[in-house]
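This report refers to the structure that appears directly beneath it.
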Amino acid sequence: MFLYKRLSYLALAIGFAFSAAPLPVSAAPVTVEIDGGVVSFDQPPVEEAGRIFVPLRGVFERLGASVVYANGQINAQGNGRSIGLRIGSTAAVVNGSTVYMDVAPFVVGARTLVPLRFIAQALGAAVNWSQSNQTVYINSGSGGPNGPPPATSFSLVRVNPENAARSNRPAIWATFSEPVNPNSIRILLDGRDVSSQSYMSSTRFDFTPPYALPAGRHTVQTTGRTESGVGFNTGWAFTTGSTGGNGNFVNALSPSPGSQVGNTFTLSGRTMPNSQVTIVATGQATAFGIIPITTGTFKTQTYADANGYFSADVSMNALSGSQVHVIIQSVAPNLASGSAEVTVVYST
């Protein structure tokens, strides 16, 4: 039965990986149409890491952008937008904001190749793929047959802390207005990259500082791409002050964050005495090292004792080598002390 479940998860992951790829991995010739016209390239489209690359000027100029290229730096202007790329770098600057691509532009012979979907969408075009005839359809928005490009209005729907944090180790999280690629997300707290310590999903991220934040103003910045491939760069600010020693908290966790655990383990820690503690654990594996899949969710509630100690058994059906993301929320019996939330990650 266990082997059957593993094979089932693998089959699901493979299916999802192929359905989620922005542009396909295909050995067959790929056709590119812009506003109903087939584009002829002097260098045929190239597939690299699951993305379709095309010659630099062939795509920019057909989409109404002018290009300046020198010493590996690509600068383009068109449709009221500006794009900056660099050979070998996944960082791009779109309208003054830095966004990140899966793969970098590269050179083949005398041709500079750029990722087709990213360039087209950065210039405001809509991109569609037809598996049946191996064709990429691009609508520049100038009246082509594929309809107008979809409006992009990505935003953070909810954020925490919204203004002032009750604790100097607050749970920092936000939810997204549309699904995103979890592997593209980067989280910066006061300019420090905390992505590796954060929980990511297509709908939200969570991060709890393992250290006390100093009193004052703090900034959160999140960058990445939506599932449709559009980059985003947004964030917010909040303040922290003295907690006066009476704010809720969650600490002294065992196993310690980052530890290796089994499918069943006991999670314990400390919080304010008699608080209600909710524990939600989610198993997450990856297919091909890049596509996240959920392998199960566990939820339980318990109460801290009079000294603030709590423990609960967590039971997961996680795959070996995957991760378990655990959110621990403590609600104090004294409402003035508020709640505290911590997110930790374990490996299996």
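The values are calculated or read from the model by the stated rules, or taken from the named source; none is laboratory data. Note that the structure is predicted; figures quoted are calculated from it, not measured. All Cβ positions, even for glycine, are placed from backbone atoms using ideal geometry, and neighbour counts span all protein chains on display.
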The stretch 274-303, residues that are modelled with pLDDT of 85 or more, assigned to a strand (DSSP E or B) and surrounded by fewer than 18 Cβ atoms within 10 Å (Cβ to Cβ)
276, 278, 280, 299, 300, 301, 302, 303
From 103, 93, which residue is surrounded by fewer than 20 Cβ atoms within 10 Å (Cβ to Cβ), under 22 Å from the mean Cα position of the chain (by Cα) and closer than 23 Å to residue 137 by Cβ?
103
Within the stretch 92-108, take every residue that is in a loop (DSSP other than H, G, I, E, B) and small (Gly, Ala, Ser) and give me the one that is farthest from residue 71 (Cα to Cα).
96
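For the stretch 196-232, enumerate the residues that are hydroxyl-bearing (Ser, Thr, Tyr) and buried (at least 17 other Cβ atoms within 10 Å of the Cβ).
Initial filter on the stretch 196-232 (hydroxyl-bearing (Ser, Thr, Tyr)): 196, 198-199, 201-203, 208, 211, 219, 222-223, 226, 228.
Answer for the stretch 196-232, where residues must be hydroxyl-bearing (Ser, Thr, Tyr) and buried (at least 17 other Cβ atoms within 10 Å of the Cβ): 198, 199, 201, 208, 222, 223, 226, 228.
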Subset of the stretch 109-131 (residues that are farther than 19 Å from residue 36 by Cα, in contact (Cβ under 8 Å) with a residue 60 or more places away in the chain and either touching a Ser or Thr at 6+ places or on another chain (Cβ under 9 Å) or part of a strand (DSSP E or B) (or both)):
111, 113, 114, 115
Among the residues of the stretch 192-235, write down those that are among the polar types (S, T, N, Q) and either in contact with a Gly (Cβ under 8 Å, 6 or more places away or on another chain) or part of a strand (DSSP E or B) (or both).
219, 221, 222, 223, 226, 233, 234
